[in-house]
């Protein structure tokens, strides 16, 4: 079952990378819901949780999409041919990371090594490694809600996804 992201309240929720990405990069279908979701978070209507792995994924995708916006070649080709181009985007990434770490009511959870074994168990739901790792973090921290636009999480019967 899917709940409306902008209306989520009163419980703990794990925040997937795509929610942060659509918060930082305008998208006609998702950005308004993400903005309202994060307003509700900082207003204390619920507690949000994420991991350093999510933050790394956000930084990587923001970097790749910014390069794609500025160049006609594939971003990886651009970086291979001109590695110093990455430095052009560090201020933008620094700002995004500062915003994430300064959000009230958001906790960045540790990912201990033993969770990688639980990650493999999560793959039994048809999740790829990174999503299965997020599920393992949720399980370890007794979080049953996820803010995500990734419908793959709908295959996990015991969690509730909030998206659109």
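The values are calculated or read from the model by the stated rules, or taken from the named source; none is laboratory data. Since we're looking at a predicted model, the values are computed, not measured. All Cβ positions, even for glycine, are placed from backbone atoms using ideal geometry, and neighbour counts span all protein chains on display.
Sort out which residues of region 41-55 are part of a helix (DSSP H, G or I), surrounded by fewer than 20 Cβ atoms within 10 Å (Cβ to Cβ) and touching a helix residue (DSSP H, G or I) at 6+ places or on another chain (Cβ under 9 Å), and write them in order of number.
Of all residues in region 41-55, those part of a helix (DSSP H, G or I) come to 41-42, 52-55.
Checking the rest, the ones that are also surrounded by fewer than 20 Cβ atoms within 10 Å (Cβ to Cβ) come to 42, 52-53, 55.
Within region 41-55, 53, 55 meet the criteria.
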- Item | Number of positions in region 26-40 that are surrounded by 13 or more Cβ atoms within 10 Å (Cβ to Cβ) and touching a residue at least 12 places away in the same chain (Cβ under 8 Å) | 9
- Message: Can you tell me which condition residue 52 does not meet? The list is (1) touching a residue at least 60 places away in the same chain (Cβ under 8 Å); (2) touching a strand residue (DSSP E or B) at 6+ places or on another chain (Cβ under 9 Å), and all the others hold.
- Response: (1)
- Task: Scan region 12-40 for residues that are within 16 Å of residue 98 (Cα to Cα) and outside any helix (DSSP H, G or I) and report the count.
- Result: 1
- Query: Listed residues 123, 119; which is free of Cβ contacts under 8 Å to residues at least 12 places away in the same chain, touching a helix residue (DSSP H, G or I) at 6+ places or on another chain (Cβ under 7 Å), assigned to a helix (DSSP H, G or I) and surrounded by 14 or more Cβ atoms within 10 Å (Cβ to Cβ)?
  - Reply: 123
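Condition test on residue 110, is it in contact with a helix residue (DSSP H, G or I) (Cβ under 6 Å, 6 or more places away or on another chain) and loosely packed, with under 12 Cβ neighbours inside 10 Å?
On the way: in contact with a helix residue (DSSP H, G or I) (Cβ under 6 Å, 6 or more places away or on another chain): no; loosely packed, with under 12 Cβ neighbours inside 10 Å: yes.
Criteria not met by residue 110.
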- Task: With the condition kept exactly as written, say whether any residue in region 81-95 is free of Cβ contacts under 8 Å to residues at least 12 places away in the same chain and within 30 Å of residue 157 (Cβ to Cβ).
- Result: no
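Based on what the data block shows, is residue 101 in contact with a strand residue (DSSP E or B) (Cβ under 8 Å, 6 or more places away or on another chain), at pLDDT 95 or above, within 28 Å of residue 26 (Cα to Cα) and exposed (fewer than 14 other Cβ atoms within 10 Å of the Cβ)? Quick ask: steps written out before the conclusion?
Details: in contact with a strand residue (DSSP E or B) (Cβ under 8 Å, 6 or more places away or on another chain): yes; at pLDDT 95 or above: yes; within 28 Å of residue 26 (Cα to Cα): yes; exposed (fewer than 14 other Cβ atoms within 10 Å of the Cβ): yes.
So residue 101 fits the description; yes.
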- Within region 137-164, track down each residue that is part of a helix (DSSP H, G or I) and surrounded by 22 or more Cβ atoms within 10 Å (Cβ to Cβ). 137, 138, 153
- Query: Taking region 68-91 as the region of interest, how many residues are under 15 Å from residue 24 (Cα atoms) and surrounded by 14 or more Cβ atoms within 10 Å (Cβ to Cβ)?
  - Reply: 1
